[in-house]
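The next block holds one structure in the form of structure tokens; read it before the comments.
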Amino acid sequence: MRPVIVVHGGAGRIFKEREEGCRAGVVRAALQGYGVLKQGGSALDAVEEAVRSMEDDPHFNAGCGSVLNEEGEVEMDAIIMDGKNLASGAVSAVKRIANPIKLARLVMEKTKHMLLTDHGARLFAQAMGVPEIPGEKLITERSRERWKKNLEPDSNPVEFQKDLGTVGAVAVDSEGNVACATSTGGLSNKLVGRVGDTACIGSGGYADNSSGATSTTGHGESIMKVVLARLILYHMEQGMSPEMAADTALEYMKTRVGGLGGVIVVSSSGEWAARFSTKQMSWATVKDDELHYGIYTGERHTKSVDEALASESEGF
Ligand SMILES: CC(C)C[C@H](NC(=O)C[C@H](N)C(=O)O)C(=O)O
């Protein structure tokens, strides 16, 4: 089996100033995840690495760069899932850690549970020796400015949720195992304690070797209503291609509950798709040593991995 990785850096509107940073960020994440797969690493290791890379990148709404809740704090959700045995781990409303995706993986591997939240997740992180960092380290100038602007009485709630950047990855490895990972700061100026789709199995992501893996982004409450990630895999089980399944599920979410979003999909046989009903979604994929990436509908750049790695080391 030839390995494949697909990543996204969030759906919605991406403002011009952030476009290049997003393209570079998803490309870097895809190349890093692919590097893991090429060295014989598992799909699980690859999606964790790709998501970790984007959590560390302040251009995205995950880890450093997360949006703030109504009280001006970062609260993050993340999930990881192994298509081999349907094991998964998630955390919700976690604060003051650099990489929620790593904590989600620890929940999967070191507990009998699947989702830990807030205070309990914090105790678990301490027990696992995950360092606590000052909350300010996760807050960028951009997210602070956005939060302040959203608090103004004449602010427009539609503008609140533009240009965010949730992150996710799906992969299939050389043994044919699939995995997914998703991480987010959620929605801007959300209520304290709001948990979105990202932490919820079947909504923010799902992975099953018998069909494939998917990671989602978009309006979380809509994604949860239609259980978007699992819905896509259901359509694939019924015989649809990843692209058709993604489009059908996104269309259903739009017509049934008026929600917009984006998804990345890989099938166990290595077919992939990156589809969205929003204006934009940053995405990148590597298959057969070829990198593809884009942001707008119909935009697709292609480079060989060698060429991409060379421009990476020159600073992209
Ligand atoms: C408004 C949307 C289109 C922007 C998108 N947000 C999420 O994916 C949030 C995540 N699903 C949640 O609800 O917690 C983004 O961050 O790019």
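Taken together, the values in this text are just the output of simple stated rules run on the coordinates, not laboratory data. Because the structure is a prediction, the values reported are computed rather than measured. All Cβ positions, even for glycine, are placed from backbone atoms using ideal geometry, and neighbour counts span all protein chains on display.
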*Mind sorting Trp272, Trp147 by how few other Cβ atoms lie within 10 Å of their own Cβ, fewest first?*
Trp147, Trp272
*Work out which helices of the chain, taken as complete DSSP H runs, extend at least 27 Å along their axis over the Cα atoms and score a mean Kyte-Doolittle of -0.5 or more, then list them.*
16-38
*Which of Pro58, Pro134, Pro242 moves the most in a Gaussian network model of the chain with Cα springs under 10 Å?*
Pro134
_Cα-based equivalent ellipsoid of the stretch 112-232: semi-axis lengths in Å, sorted from largest, via gyration tensor_ = 28, 21, 13
_Please compare each pair in Lys38/Lys137; Lys137/Lys162; Lys38/Lys190; Lys137/Lys303 to a cut-off of 29 Å on the Cα-Cα distance and tell me which ones are over it._
Lys38/Lys137; Lys38/Lys190; Lys137/Lys303
*What is the fewest-to-most order of Ile223, Ile80 by other Cβ atoms lying within 10 Å of their Cβ?*
Ile223, Ile80
*asked:* Helix-only estimate, please: 222 nm mean residue ellipticity of the chain, summing -39500 (n - 2.57) across DSSP H runs of length 4 or more and dividing by its residues, to the nearest 500.
replied: -11000 deg cm²/dmol
*Just need log10 I(q)/I(0) for the stretch 41-278 at q = 0.09, 0.14 Å⁻¹, Debye formula, equal scatterers on the alpha-carbon atoms, no solvent, rounded to two decimals.*
-0.34, -0.81
*Could you put Ser268, Ser66, Ser282 in order, starting from the residue whose Cβ has the fewest other Cβ atoms within 10 Å?*
Ser268, Ser66, Ser282
*Quick one: which residues, 5 or more positions from Leu260 or on another chain, have an amide H under 5 Å from its amide H? H modelled 1.01 Å from N in the peptide plane, none for Pro or chain starts.*
His219
